[in-house]
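Remarks on the structure that follows.
The numbers here are math on the coordinates, done by the rules we state, and not lab data. What you are looking at is a predicted structure, and each value in this text was computed from that prediction instead of being measured. Neighbour counts are summed over all protein chains in view; Cβ atoms, including those assigned to glycine, are modelled from backbone coordinates with ideal geometry.
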Amino acid sequence: MRVIRTVSEMVELGGGDLGFVPTMGALHEGHLSLMGEARQRNKCVCVSLFVNPLQFGANEDFDRYPRVETRDFELAERSGVDLIFAPTVPEMYPKESTTIHVPEVADLWDGLARPGHFVGVATVVAKLFNMVRPRDAYFGWKDLQQCLVVRRMVEDLRIQVHLRFMPTVREGDGLAVSSRNAYLSCEDRAKAPLLYRTLIELATLLARNHETVDDLLRDARARLAKHGFDVHYLELVSMVDLKPTNTNRGTALIVAATLGKTRLIDNIQLDGFSL
């Protein structure tokens, strides 16, 4: 496995039948599943490790975001990764950067709660695509809004890459795997799976009761709040533009909530949903 630190070297080695997994490090089973998928589909696999300052707000956790490079290198090598691109911030942003705003889909939900977040996401992903020049790029559906922002950007800017979105990887109790799960206290970690169980229950009820969408969502928010979740949003939305809807076709249930000091997100796509 080769570790690359500079943009010039990455540009020289990129391109061809390359599968790319962009990450901010602190690798977990979700990332490893994407690497495994890339290993099966592509001749060469590249993973980026870059904690992107552009997608963190003033009061967010950029400074304390976990950075465990040696462990990440070991996990990536065990997963059959060929190239690690691990640039510094000055290497990625040597001067004030041009930024990319994806309209509509980036302006709702986390786009409202975290101003500038998806500008940072779109900007860094576009830069990485231009540097790595992958044939395929792999993302997890766990970050559904991020997936749709990247999809819209690729379509609008005609970026030549095949996006592959993979199912959410979960712990045995259903909690979506995330680097931020490490911030949960023992007590909050025991409560956290309720987020996914609530989505499952809602999806089951919505399959039977289209007319009561608002009531079901309201009751679910209240139940989460009763168990200590500060619910930022829990909605049924279109998979095209993320706007609220009341249909089960081409839609997803999305949720974001803070438990203790940790912000958790999750979703379920309703097309073909079954227990």
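What FRET efficiency comes out for H28 versus T212 if R0 is 35 angstrom and r is the Cβ-Cβ distance? Round to the nearest 0.05.
Details: r = 37 Å, r/R0 = 1.05.
The calculated FRET efficiency here is 0.45.
Taking a ≥ b ≥ c as the square roots of the Cα gyration tensor eigenvalues, with a/c under 1.5 meaning rounded and otherwise prolate when a/b beats b/c, else oblate, which class fits region 2-166?
Numbers: a/c = 1.42, a/b = 1.28, b/c = 1.11.
Rounded, since a/c falls under 1.5.
Under a Cβ-only charge scheme (Lys and Arg +1, Asp and Glu -1), can you give me the dipole magnitude of region 88-129 about the Cα centre, in debye to the nearest 20?
On the way: 3 positive and 5 negative charges, 26 e Å.
So the dipole magnitude of region 88-129 works out to roughly 120 debye.
Relative contact order of region 2-166: what whole-number percent is it, with Cα pairs under 8 angstrom and at least 6 residues apart?
Details: 279 pairs, mean separation 51.8, N = 165.
Taking the mean separation of contacting Cα pairs over the length of region 2-166, I get 31 percent.
Using +1 at the C-beta of Lys and Arg and -1 at the C-beta of Asp and Glu, which of V150, A222, G57 has the Cα lying farthest in the positive direction of the dipole of the chain?
In the chain, that residue is V150.
State the Cα centre-to-centre distance between region 1-59 and region 62-136 in whole Å.
Centre-to-centre (Cα) distance: 9 Å.
Arrange L34, L128 by Cβ neighbour counts within 10 Å, fewest through most, would you? Please list the in-between numbers first.
Details: L34 27, L128 24.
Listed from fewest to most nearby Cβ atoms, that is L128, L34.
Local charge sum around G140 (other residues, Cβ-Cβ under 12 Å, Lys/Arg +1, Asp/Glu -1)? Provide the component values of the computation, followed by the final result.
Details: positive: K142, R164, R170; negative: E29, E37, D143, D266.
Value of the local net charge: -1.
Mind sorting R218, R64 by how few other Cβ atoms lie within 10 Å of their own Cβ, fewest first? Mind showing how you got there, number by number?
Numbers: R218 12, R64 8.
Taking fewest neighbouring Cβ atoms as first place, the list is R64, R218.
Could you give the length gained by full extension between H227 and E69, i.e. 0.36 nm per residue of separation minus their alpha carbon distance, to one decimal place? Please report the intermediate quantities before stating the final value.
Numbers: separation 158, 0.36 × 158 = 56.88 nm, distance 3.58 nm.
Gain on extension, H227 to E69, equals 53.3 nm.
Most exposed first by the Cβ proxy, i.e. fewest other Cβ within 10 Å, how do S185, S178, S79 rank?
Values: S185 12, S178 24, S79 20.
The fewest-first ordering by Cβ neighbours comes to S185, S79, S178.
Using Cα pairs closer than 8 Å and at least 6 residues apart in sequence, work out the relative contact order for the chain, in percent.
Details: 479 pairs, mean separation 48.4, N = 275.
Reported as a whole number, the value is 18 percent.
Given Cβ point charges of +1 (Lys, Arg) and -1 (Asp, Glu) and nothing else, what value in debye, to the nearest 20, does the dipole of the chain about its Cα centre take?
Working: 33 positive and 36 negative charges, 51 e Å.
Computed about the Cα centre, the dipole is about 240 debye.
Could you pull out every one of the aspartates and glutamates with an alpha carbon less than 16 Å from that of K261, ignoring same-chain neighbours closer than 8 positions?
Result set, ordered by chain and number: E60, D61, D63, E187, D188, D230.
Excluding V102 itself, calculate the net charge of residues whose Cβ lies under 9 Å from the Cβ of V102, where each Lys or Arg counts +1 and each Asp or Glu counts -1. Spell out each step's value before the answer.
Numbers: positive: R152; negative: E104, D107, D156.
Once all neighbours under 9 Å are counted, the net charge is -2.
Only Lys, Arg, Asp and Glu count, each charged at its Cβ (+1, +1, -1, -1), so figure out the dipole size of region 2-166 about its Cα centre, rounded to 20 debye. Spell out each step's value before the answer.
Working: 19 positive and 22 negative charges, 72 e Å.
The calculated dipole for region 2-166 is roughly 340 debye.
For V3 paired with E187, estimate the spin-label separation in nm (one decimal), with each label point 7 Å from Cα along the Cα-to-Cβ line.
Modelled inter-label distance: 4.0 nm.
Which entries in the list K127/K243; K43/K127; K127/K226; K142/K226 go over 32 Å, if you measure between the two C-alpha atoms of each? List each step's numbers first, then the result.
On the way: K127/K243 28 Å; K43/K127 22 Å; K127/K226 43 Å; K142/K226 25 Å.
Beyond 32 Å between Cα atoms: K127/K226.
What residues have an amide H closer than 5 Å to that of S48, excluding those fewer than 5 places away on the same chain, when H is modeled at 1.01 Å from N in the peptide plane?
V21, T23, F85
Let me have the relative contact order for region 1-90, percent, based on Cα pairs under 8 Å that are six or more residues apart. Provide the component values of the computation, followed by the final result.
Details: 136 pairs, mean separation 39.8, N = 90.
Relative contact order comes out at 44 percent.
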